[in-house]
Structures are given as structure tokens and as C-alpha cells.
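Visitor: I'd like to ask some things about the structure below.
The values are calculated or read from the model by the stated rules, or taken from the named source; none is laboratory data. This one's a predicted model, so the numbers in the text were calculated from it and none came from an experiment. Every residue, glycine as well, gets a Cβ built from its backbone with ideal geometry; the counts of neighbours run over all protein chains shown. Side chains are part of the model used for accessible areas, which takes the heavy atoms of the whole protein and leaves out ligands, DNA and RNA. Shrake-Rupley method; radii C 1.70, N 1.55, O 1.52, S 1.80 Å.
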Amino acid sequence: MDMAHEFRGPFDPSPRPAGDTPIERPVRLGVDERRIHARAYRYWAALLRGRALPTIGDMNPASARGFAPHGLLLDFSADAPHPVIRSLGAALRAECGIAEAIVSIADAPAGSLLASLPGLCRQVGANRAPISFETECVGLRGRNSLYRGVLLPLSAGEESVDFIYGVINGKERVD
């Protein structure tokens, strides 16, 4: 978060009061990650239009283009033990080492980011509200990767959580 400072202007020669040392601007790490999730959440919130949940029909893939490579759409509407993956962005597919099409979240490689999502999805379903999260998983190269994401509930008919749209981004942890 940026700190608020008194504006003195570039040519203001007035001295600073004693003890008024300038505060260095904090380092902003992962700004793109936060922004992508904020955009996804704002997009979801705009779809609410006074309702408890947006419907899947409100979702416009063209509007989600900015975060689609990091997005996934999970379908809970079928009476299946695991959600069906309706869409999986290229960045997430590459991150999890998924070359071929997978049908269900149960088909995700063990220990992958996707394999860690069912517990979070249950929270979204139970609360009928978005959830943001941070997690750490071992990536394809055997190194820890840090992930930040948001899971957004959608409904088939405004009553139950039938779909979850997620946007997840990550980076390899540097030791």
C-alpha cells in the first residue's frame, strides 16, 4: 500500500521539521499478481447487480480475456464426486504440467496447485462468497512456488454455487 505524504512540490525549498525524515516508498512485490486478482474480483462484483450470486450466463469470456491464461472454470452442477474442469488457462496448464485435456479436478497431478483446490472450493460453496488465498506448492522443477488466487462463485440460477471461476498466478520462490 502506498503511504500518504505531504506534497511539497518539486521546487519547495522549505526545510523539513526536525524528526521529519522521509519515508522510503515500500518495495512493491507481486503488483501484477494482485492486480490480476483485483480485476477478476471487480469483474465478478460488477456481475452481481444486486443479487446474491452472478449466474454463469452473465460470464462473458471476452471480458475475462485479461486474466483468462490464469483462469479456470470448475463446474459443480453435475452430480459428480469431483468438479468438472470446463476451462483451464494456458498459464495454469503449463504450471501444473498438464499437456493433455483433463476432465475433472481429480485428474490433476498429485501435489499440483490444482490438486490443492478442492478444500478451498468447499469453502466458497459453503460461504457462497469469493475467497482469496495464498499457497505454496512444489513446482515442476522441484522448487517451491508461491501462488496467489481468487475463487469466485457463480450460479446456474442464482441460488446455489454451481460453478467457480478462479484466477491464480504464481512465481517460483527464490531462496
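Visitor: If the Cβ limit is 6 Å and pairs must be 6+ apart or interchain, which residue in the range 144-158 that is free of Cβ contacts under 8 Å to residues at least 40 places away in the same chain pairs with which residue that is acidic (Asp, Glu) and in a strand (DSSP E or B)?
Guide: Taking only residues 6 or more apart or on different chains, the pairs are Asn144/Glu136; Leu146/Glu136.
Visitor: Only residues that are open to solvent by less than 80 Å² (accessible area, probe 1.4 Å) and part of a strand (DSSP E or B): list them for the range 153-175, please.
Guide: Pro153, Leu154, Ser155, Phe163, Ile164, Tyr165, Gly166, Val167, Ile168, Asn169, Gly170, Glu172
Visitor: Of the residues Ala115, Ala126, Ala108, only one is buried (at least 17 other Cβ atoms within 10 Å of the Cβ) and free of Cβ contacts under 8 Å to residues at least 24 places away in the same chain; which?
Guide: Being buried (at least 17 other Cβ atoms within 10 Å of the Cβ) and free of Cβ contacts under 8 Å to residues at least 24 places away in the same chain holds for just one of Ala115, Ala126, Ala108, which is Ala108.
Visitor: Condition check: open to solvent by 20 Å² or more (accessible area, probe 1.4 Å) and either part of a loop (DSSP other than H, G, I, E, B) or not small (Gly, Ala, Ser) (or both). Does Gly57 satisfy that?
Guide: no
Visitor: Right, another one. Quick one: Gly111 ticks every box in (1) farther than 22 Å from Gly157 by Cβ; (2) under 16 Å from the mean Cα position of the chain (by Cα) bar one, so which box is it?
Guide: (2) is the only condition that Gly111 fails.
Visitor: Working only within the range 85-107, note down all residues that are part of a loop (DSSP other than H, G, I, E, B), at pLDDT 85 or above and more than 15 Å from Asn169 (Cβ to Cβ).
Guide: Passing the criteria: only Val103.
Visitor: Let me ask something additional. Identify all residues within the range 62-83 that are over 13 Å from Ala40 (Cβ atoms) and either among the small types (Gly, Ala, Ser) or open to solvent by 30 Å² or more (accessible area, probe 1.4 Å) (or both); write none if there are none.
Guide: Hits for the range 62-83 are Ala62, Phe76, Ser77, Ala78, Asp79, Ala80, Pro81, His82.
Visitor: Would you mention how many residues in the range 120-152 are assigned to a loop (DSSP other than H, G, I, E, B) and modelled with pLDDT of 85 or more?
Guide: The total comes to 3.
Visitor: Of everything in the range 15-70, what is on the phi < 0 side of the Ramachandran plot, charged (D, E, K, R) and modelled with pLDDT of 85 or more? Give them in sequence order.
Guide: Across the range 15-70, the qualifying residues are Arg39, Arg42, Arg51, Asp58.
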